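Peer 1: Mind having a look at this structure? Questions to follow.
Please treat every number below as a calculation from the coordinates, not as lab data. Computed from a predicted model, the values in this text were never measured in an experiment. For neighbour counting, all protein chains shown are included, and Cβ atoms are generated from backbone atoms with ideal geometry for every residue, glycine included.
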Amino acid sequence: MEQRKGRRLILFPFPLQGHINPMLELANILHSKGFSIIIIHTNFNSFNMSTHPHFTFHSISDDLSESQAAEKDLLLLLSHLNAKCGEPFRECLAALLSSVTEEPVACLICDPLFDFTQSVAESLKLPRILLRTGGASSTAVYSAFPLLKEKGYIPIQESRLEETVTELSPVKVKDLPPERFFKAAQAFTYDTKFSNGYVFNTFEDLEQHALATIRKEFHIPVFPIGPFHKNFPAASSSSPSLLSQDRSCISWLDTRLPNSVIYVSFGSLAAVNEAQFLEIAWALANSKQPFLWVVRPGLVQGSEWLEPLPSGFIESLNGIGHIVKWAPQKEVLAHQAVGVFWTHNGWNSTLESICEGVPMICIPFFADQMVNARYVSDVWKVGVRLELGIKREEIEAAIRRLMMEKEGEEIRDRVSKLKVMANICLKQGGSSYQALDGLVDHILSLESLFTKLKSQ
Ligand code: UDX
């Protein structure tokens, strides 16, 4: 632990698993650099705070109705949270800033998905840094919306799906999110220019080109200090899980040969229909490879959990498959038995897989996941993207390619090299190490800015 800096930082995560994890990891990193940490969080998706006794937590009442809290459409949920959280957040922040007995606050660090933080921070004259929980490459695609519209790629036309977007090659038209996602992102893309910095959970060697594009576009300091979870000890056990982790999978993995297991998980939000669920089940069973499958409650639309599986399916696997509701994913990916990760390519999952040198089978569902998957398969070449959706023949072929063929070995070599790079960038003198030093200096310089603004 570095010497205490005598400064408080206020962090405000967006309340979804894929956003809470990196924000809390960033909080741990900055705490290890000597800052005191305050987390403001919503009642919605409130998480277990006991794993972070070194932080101070303040909850705000979001007042979502039951139906709003159960909203499956991500953009609608986003709009409910933005409508309900602005005022309670402003009140909480104002109260924290007015406390004179505490250490001074240097700045607010928040998720750009909350669209009111810019105006609230500005009204309180508090500097604001953004944490982008997605990758830089997908962020660069989102900020290219005006260009994509001008060039006629958007609105997306069925007949052009397989076409490469020349200006964003190798991204294809089918990898672009629908226009309503772009429009939702437009507000925060605009606000980004008025923030005091942009933190990314990535590293220069992985996304150099996209990071350069972002620097050019936004003219604010950009700090790629990832991979976060490799940047502080005990990372794997400190992520606040909204679902309880089933640790039986670790002892099950202990009984398996190195690189033999397919780990299957589609993150915290994606959902499949019953037919797709069965297609996945049969592809896994037919592959005859051991598999660890996370079937999150809610993964299968209209089902509680495993009911759609034919009776006798699990028994017929003879122990070759292990199914859990939620896994300690970072530990699973680091386990020597895991040979392939079949993922939806949420940014956290993608980065966690790269950091453990695990090749991927990619089945993106929405938002940034399609761009992440395209980069995995066509830029870094560390995985195979399922181009036809969830079809058992293509899945079985992808498993064979990765687990049995020479191509799989080449892919494993490439992802192992990225793993090494991810470790090097965190070491003294490495790009993320330096960017983190830069971020700490920047935060300290913001505190004097805040003091100056307050006195005006
Ligand atoms: C969402 C979006 O899907 C993603 O595209 C965006 O980049 C972030 O928000 P999510 O679907 O949850 O995220 O996926 P992901 O970004 O991969 O985050 C999931 C997190 O949950 C990871 O940190 C992963 O380690 C963790 N996890 C997942 C578990 O701990 N256990 C599991 O069983 C599955």
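Peer 1: Is the shape of the chain rounded, prolate or oblate, going by the alpha carbon gyration tensor and its root eigenvalues a ≥ b ≥ c, with a/c under 1.5 for rounded and a/b larger than b/c for prolate? Spell out each step's value before the answer.
Peer 2: Details: a/c = 1.61, a/b = 1.51, b/c = 1.06.
Cα axes put the chain in the prolate bin.
Peer 1: Here's something else I'd like to know. Taking the Cα centre of each part, how many Å lie between the range 136-170 and the range 83-123?
Peer 2: Centre-to-centre distance over Cα atoms comes out at 35 Å.
Peer 1: Step through the table entries K330/K417; K149/K174; K172/K419; K125/K193; K84/K183; K5/K84, compare each Cα-Cα distance with 24 Å, and write down the pairs that go over it.
Peer 2: Those over the limit are K172/K419; K5/K84.
Peer 1: Taking the chain as the reference, fit the longest principal axis to its C-alpha atoms, fit the long axis of helix 406-424 to the helix C-alpha atoms, and give the angle between the two in degrees, 0 to 90, nearest 10.
Peer 2: Helix 406-424 sits roughly 20 degrees off the main axis of the chain.
Peer 1: Let me spell out the model: positive unit charges on the Cβ of Lys and Arg, negative unit charges on the Cβ of Asp and Glu, origin at the Cα centre of the chain. What dipole size does that give, in debye rounded to 20? Show your work: numbers first, answer last.
Peer 2: Details: 43 positive and 50 negative charges, 194 e Å.
Taking the Cα centre of the chain as origin, the dipole is about 940 debye.
Peer 1: Exactly which GluC sites (Glu not before Pro) in the range 160-224 are in a DSSP loop and have at most 15 other Cβ atoms within 10 Å? Walk me through the intermediate numbers first.
Peer 2: Details: sites: E162, E163, E167, E179, E204, E207, E217; in loops: E162, E163.
When the GluC sites (Glu not before Pro) of the range 160-224 are filtered for loop state and at most 15 Cβ neighbours within 10 Å, E162, E163 remain.
Peer 1: Same structure again: Please list the non-local residues whose amide H lies under 5 Å from the amide H of V105, H modeled 1.01 Å from N, same-chain partners needing a gap of 5 or more.
Peer 2: Hits under the 5 Å cutoff: R8.
Peer 1: Using the charge dipole of the range 248-422 (Lys, Arg: +1 at Cβ; Asp, Glu: -1 at Cβ; taken about the Cα centre), state which of H344, V295, G408 has its Cα farthest towards the positive end.
Peer 2: Of the options given, the answer is G408.
Peer 1: As an exercise, identify the trypsin sites (Lys or Arg not before Pro) in the range 1-79 lying in DSSP coil whose Cβ has no more than 15 other Cβ atoms within 10 Å.
Peer 2: R4, K72
Peer 1: For K151, list the aspartates and glutamates whose Cα falls under 12 Å from its own Cα; do not include residues on the same chain fewer than 8 positions away.
Peer 2: Here the aspartates and glutamates satisfying the reach criterion relative to K151 are E167.
Peer 1: While we're on this one: Enter the Cα centre distance for the pair the range 296-364 and the range 265-286, rounded to the nearest angstrom.
Peer 2: 9
Peer 1: Helix 392-403: angle to the longest alpha-carbon principal axis of the chain, degrees 0 to 90, nearest 10?
Peer 2: So the inclination is approximately 80 degrees.
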